[in-house]
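**Q** Dumping the structure here so I can ask a few things about it.
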Amino acid sequence: MFKKILSLALVVMMLIGCMSVLASCGEPELKGMSESPLPIPAVDSDVEVPDDFKIGFICLHDESSTYDLNFINAVLRYQEALGLEDSQVIIKRNIPETEKCYEAAEELVTQGCDIIFANSFGHEPYIAQAAEAFPEVEFCHATGVTAASADLDNFHNAFASIFEGRFLAGIAAGMKLNEMIEAGEITAAEAKIGYVGAYTYAEVISGYTSFYLGAKSVCPTVTMDVQFTGSWYDVTAEKNAAEALLARNCVLISQHADSMGAPGACEAAGVPNVSYNGSTYEACPETFIVSSAINWTPYYVYITECLVNGTPIATNWCGGIEEGSVILTGINLDVAAEGTVEAINEAITKLKNGTLKVFDADTFTVEGKTVVHDLISDGYFHESETISAPSFDIRIDGITLINELY
């Protein structure tokens, strides 16, 4: 009996050991998110804001939009860092690109705001109108292009060199394509990215081109298809666009659109995704790789310091990596290719020291020819240097636009 019990115990122990081995050889151990190569920096400001200071924000949508959520999170960081009361920070959400924008600006003036900031391209004419009507208030606008020609001292445009962040995110995409090629999942000729774009504005063209050039810098055979939606935020249209791109055999998807439509479609299909304006890791843990975004907090601090110190706000302001205006999420190590963090960090170093230019004229052609352009000099396109908003609107080889309806 004792021998039988001992034998049974040994069998059980062996089974447990085998189960442990099987468990360790089955599902891979999850690595989770890396630290961000370009994290959100701490706010550095010693400005003493008057008790009667107020700032107003006009947002196209609300927190359900990744674009607007990114702005609103920056407002909250700014408010906390400068010690502002809730009564000093007023956010107006879901303000369309219509006369409603002017009305919202007028309401913020009535509420006593010293600075008013609007966040969408189509808000610009209404913000300019408000700046002319209320010269005692400073009006700042993201992504706009007309402040320099408006001849209004209180009207300002702002952006960031997000094309650098897009390029870095593109490196992550290219590294993933290389991994898929090496694993035999695709051939080099099948390394095709899909991209969901909102409109055919320079901002979107600059974004998808810099992303593509980042991918091409590590995966030379990459091509890209772009599908436009005609809206900054449309869950169904973005989902449908992503699915159409998948049907065209795109093996990785990115976007310049503001909903979870495209990332959700990628998660459902099991296709890698590079998002924009923030991490989609929680909703899409099996496909999310990385996301780039603009950190607007440095600009909010800058315009507040200018107002308090009595110094002019720049007509065009563009923050970069050094200002902490271009940020990346952490990288999903369970999806990203091995070496992605190191490759991105190497590129960041080169961007900082000037040895890497995103729009290096030697890295792209149009119809097989070198591009000649007023903004190309010293070997590269000088993006966001003449005005803060993107100007790159060149349709380069390697990128196919599926529709040009918008």
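**Q** Of the residues D114, D153, which is in contact (Cβ under 8 Å) with a residue 40 or more places away in the chain, more than 22 Å from S65 (Cα to Cα) and surrounded by fewer than 20 Cβ atoms within 10 Å (Cβ to Cβ)?
**A** When all the criteria are applied, what remains is D153.
**Q** Of all the residues that make up the range 381-406, how many are of a type in the set (F, W, Y) and closer than 26 Å to W317 by Cα? Write out each step before concluding.
**A** First, the residues of the range 381-406 that are of a type in the set (F, W, Y): 381, 392, 406.
Then keep just the ones that are closer than 26 Å to W317 by Cα; that gives 381, 392.
Summing the residues that are of a type in the set (F, W, Y) and closer than 26 Å to W317 by Cα in the range 381-406 gives 2.
**Q** Can I ask one more? Which number in (1) within 14 Å of the chain's Cα centre (by Cα); (2) assigned by TED's automatic domain parsing to the domain that holds N73; (3) small (G, A, S) marks the one condition that A314 misses?
**A** Only one criterion is unmet by A314, namely (1).
**Q** Tell me, yes or no, whether the range 359-369 has at least one residue that is outside any loop (DSSP other than H, G, I, E, B), under 22 Å from the mean Cα position of the chain (by Cα), more than 17 Å from V326 (Cα to Cα) and of a type in the set (A, V, I, L, M, F, W, C).
**A** no
**Q** List every residue pair whose Cβ atoms sit under 7 Å apart, with the two residues 6 or more apart in sequence or on different chains, where the first one lies in the range 87-108 and is modelled with pLDDT of 95 or more and the second, anywhere, is of a type in the set (S, T, N, Q).
**A** Matching pairs, first to second residue: V89/Q79; I90/Q111; E97/S120; Y102/Q129.
**Q** Could you grab me the full set of residues in the range 262-280 that are surrounded by fewer than 23 Cβ atoms within 10 Å (Cβ to Cβ), at negative phi and not acidic (D, E)?
**A** Filtering the range 262-280 down to residues surrounded by fewer than 23 Cβ atoms within 10 Å (Cβ to Cβ) leaves 264, 267-271, 278-279.
Still in the list and also at negative phi: 264, 267-269, 271, 279.
Listed by number, the residues that qualify are G264, A268, A269, V271, S279.
**Q** Being surrounded by 18 or more Cβ atoms within 10 Å (Cβ to Cβ), under 18 Å from G398 (Cα atoms) and assigned by TED's automatic domain parsing to the domain that holds E383 is true for just one of A188, A242, A173. Which residue is that?
**A** Of A188, A242, A173, the one residue that is surrounded by 18 or more Cβ atoms within 10 Å (Cβ to Cβ), under 18 Å from G398 (Cα atoms) and assigned by TED's automatic domain parsing to the domain that holds E383 is A173.
**Q** From I344, I327, I321, grab the single residue that is at pLDDT 95 or above and in a loop (DSSP other than H, G, I, E, B).
**A** Details: I344 fails: in a loop (DSSP other than H, G, I, E, B); I327 fails: in a loop (DSSP other than H, G, I, E, B).
Just one listed residue meets the conditions, I321.
The values are calculated or read from the model by the stated rules, or taken from the named source; none is laboratory data. Predicted model, so just to flag it, every value in this text is computed and none were measured. Note that we place each Cβ from the backbone using ideal geometry, even for glycine, and neighbour counts take in every protein chain shown.
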